[in-house]
Amino acid sequence: MNGYKAYIAEAIGTFALVFIGAGAVLAGNDVLGVALAHGLVLMSMVYATAHISGGHINPAVTIGMWITRKIKSVDAISYIIAQLIGAAIAGFLLQAVFSGAPAALNLGAPALGEGVGFLRGVVVEAVLTFFLVFVIFGIAVDKRGPPGPYGFAIGFVLAFDILVGFGLTGAAMNPARAFGPAFAADFWNNQLVYWIGPVIGGIVAALIYNYILLEKKRKK
């Protein structure tokens with residue numbers, strides 16, 4: 001990768017995702033509006049950063065890439081740090097811009113829906129993130145994938161995941177997306193759901209695609 005340039009790209013991409021995604025919640029959009037905001041900003045940031053950093057914009061994606069040896073450990077750690085920094089900056093900017101937003105929204109941080117417990121939340125986040133990382137491997141990692149605008153597919157999977165999971169967990173699918181607003185709002189309720197679930201889902205998707213579905217190069 002491109003060293004510090006990749007880290008900056010990851011920070012900016014994650015900043016955009018958190019600011020626009022959580023901002024859509026704070027602006028009072030319905031679930032369709034929130035889904036579209038997340039999907040469109042992720043699509044745009046993937047296109048803007050893929051050639052610099054790979055366009056992870058998500059610690060769960062980075063961990064999936066790391067566990068399948070597609071990124072070095074030092075880069076994986078640096079990516080995650082950059083992503084969290086970008087998310088935190090977005091959280092504090094949201095706090096300044098949406099100063100009059102209801103306190104109950106916690107700056108757009110995801111929260112478990114009524115009747116959704118910790119374990120159920122982890123399962124939902126794991127399944128939703130599985131779809132996201134699976135699609136990323138299928139079209140951005142697997143060279144047999146169809147050429148063309150792969151960013152659309154990545155953005156769309158985020159959007160359809162939110163349409164299903166928003167009322168259950170807030171459908172973060174991304175530890176940084178949960179961390180940024182939570183850090184600024186000092187709202188840590190069930191924060192582990194948004195780390196454990198996405199990381200498990202991302203790892204399972206990465207392992208299945210990489211070791212079962214991905215065509216390996218034959219040694220000559």
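The values are calculated or read from the model by the stated rules, or taken from the named source; none is laboratory data. Remember, predicted model here, so these are calculated numbers, not experimental data. We place every Cβ from the backbone using ideal geometry, glycine too, and count neighbours over all the protein chains shown.
The table for this structure:
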read-out	value
Identity of the residue in the range 100-117, in contact (Cβ under 8 Å) with a residue 40 or more places away in the chain and in a loop (DSSP other than H, G, I, E, B), that ends up surrounded by the fewest Cβ atoms within 10 Å (Cβ to Cβ)	GLY113
Count of residues meeting criterion [among the aliphatic types (A, V, I, L, M) and within 12 Å of the chain's Cα centre (by Cα)] in the range 33-50	5
Given (1) surrounded by fewer than 24 Cβ atoms within 10 Å (Cβ to Cβ); (2) not in a helix (DSSP H, G or I), index of the condition ALA171 fails	(1)
Qualifying residues in the range 1-16 (those that are part of a helix (DSSP H, G or I) and surrounded by fewer than 14 Cβ atoms within 10 Å (Cβ to Cβ)) - the one modelled with the highest pLDDT	LYS5
Any hit, the range 126-137, residues being of a type outside the set (Lys, Arg) and farther than 20 Å from ALA35 by Cα	yes
The range 56-90, subset of a type outside the set (A, V, I, L, M), buried (at least 24 other Cβ atoms within 10 Å of the Cβ) and over 19 Å from ALA126 (Cα atoms), residue nearest to the chain's Cα centre (by Cα)	GLN83
Any chance HIS38 is in a helix (DSSP H, G or I) and free of Cβ contacts under 8 Å to residues at least 12 places away in the same chain	no
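The rows are residues; the columns are (1) within 13 Å of the chain's Cα centre (by Cα); (2) buried (at least 24 other Cβ atoms within 10 Å of the Cβ); (3) without any contact (Cβ under 8 Å) to a residue 40 or more places away in the chain; (4) not in a helix (DSSP H, G or I).
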{"position": "GLY121", "(1), (2), (3), (4)": "no, yes, no, no"}
{"position": "GLU125", "(1), (2), (3), (4)": "yes, yes, no, no"}
{"position": "PHE131", "(1), (2), (3), (4)": "yes, no, no, no"}
{"position": "ILE139", "(1), (2), (3), (4)": "no, no, yes, no"}
{"position": "LYS143", "(1), (2), (3), (4)": "no, no, yes, yes"}
{"position": "PRO147", "(1), (2), (3), (4)": "no, no, yes, yes"}
{"position": "GLY151", "(1), (2), (3), (4)": "no, no, no, no"}
{"position": "ILE154", "(1), (2), (3), (4)": "yes, yes, no, no"}
{"position": "LEU158", "(1), (2), (3), (4)": "yes, yes, no, no"}
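This table checks each residue for (1) modelled with pLDDT of 95 or more; (2) closer than 17 Å to ASN174 by Cα; (3) in a loop (DSSP other than H, G, I, E, B); (4) out of contact with any helix residue (DSSP H, G or I) (no Cβ under 6 Å at 6 or more places or on another chain).
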{"site": "VAL18", "(1), (2), (3), (4)": "yes, yes, no, no"}
{"site": "ASN29", "(1), (2), (3), (4)": "yes, no, yes, yes"}
{"site": "HIS56", "(1), (2), (3), (4)": "yes, yes, yes, no"}
{"site": "GLY64", "(1), (2), (3), (4)": "yes, yes, no, no"}
{"site": "ILE77", "(1), (2), (3), (4)": "yes, yes, no, yes"}
{"site": "ALA82", "(1), (2), (3), (4)": "yes, yes, no, no"}
{"site": "ILE89", "(1), (2), (3), (4)": "yes, yes, no, no"}
{"site": "GLN95", "(1), (2), (3), (4)": "yes, no, no, no"}
